[in-house]
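What follows draws every value from the coordinates through simple rules; no lab data is involved. Nothing here was measured: the structure is a model prediction, and the numbers come from that model. Glycine also receives a Cβ, built like all others from the backbone with ideal geometry; neighbour counts cover every protein chain displayed.
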Amino acid sequence: MDNQAREAKEMTKQLPFKKRLINFWFYRKWVVIAIIFVILTIALTIYEITNVPAYDALVAVYTGDAMPEETAAKLRAELQEFSNDINEDGQISVSVTPMSGSRDDGSEEAVAVETRLMSELNSGSNDLYIVDREYYDFLMDNDYGECFSHVYPLNENGPLMERLGLSGEYYLLVRDLYPAHEGKADKRAAHNNAVAIYENIAGIAQPPGDED
């Protein structure tokens, strides 16, 4: 440190606190702002990680036409009736994520929706899928049907379709438990829960007391 810098530093120390604060802000404000930004970013990331809802079932809905929010809410309520509390938090919570985009128009939106569907199937992130005829044909015609262990035409459950206010052809699909997930207790529990929901909706669940 040269003499001029040393003298300037000593003069700064002799300034009143308020003026020293103003002087500090004038020369260091961008450093302070950068530090605050980094701290807030880290804090927000930690908050998001620690406050991710723990759902008992993850359900993806893929349709050509957008599913009304009211219908999605009804669907969520119906599925919660059949779900188990696999995370044992004392409440049943089901996530329903509707995605829509007609594959017939070849729009960027439709391509993005299709890409998301492929990504979800590859990662095994969702256990249950509800699709309309358009997406059902797409999955089956492209050999993606092997990704699913159970397939049920929802139209066979007339009362459910009526309660949801749905018309047309819809299918309930259970994604198969991938070999890479077989050794993970949480993945097995999620898959078994998806099968239980499927069996209840399809009307093939065993009555209590009839299990082997």
Express in nm, to one decimal, how much length is gained between Asp176 and Glu70 on full extension, taking 0.36 nm for each residue of separation and deducting their alpha carbon distance. 35.3 nm
For Val32 and Thr97, FRET efficiency with R0 = 45 Å and r from the beta-carbon atoms, rounded to 0.05? 0.65
Bin width 5 Å, alpha-carbon pairs only: give the P(r) of segment 57-202 as whole percents, running from 0 to the bin holding the largest distance. 2, 9, 20, 24, 21, 15, 7, 2, 0
Got the relative contact order for segment 57-202 handy, in percent, Cα pairs under 8 Å and 6 or more residues apart? 29
What nm value, rounded to one decimal, do you get for the distance between Lys187 and Val111 when each label is placed 7 Å out toward the C-beta? 3.1
Using DSSP to call loops (not H, G, I, E or B), can you name the GluC sites (Glu not before Pro) in segment 108-196 whose Cβ has at most 15 other Cβ atoms within 10 angstrom? Glu169, Glu182
Rounded, prolate or oblate: which fits segment 87-169 when a ≥ b ≥ c are the square roots of the eigenvalues of the alpha-carbon gyration tensor, with rounded for a/c under 1.5 and prolate only if a/b beats b/c? oblate
Measuring from its Cα centre, segment 57-202 shows a charge dipole (+1 at each Lys and Arg Cβ, -1 at each Asp and Glu Cβ) which, in debye to the nearest 20, is 400
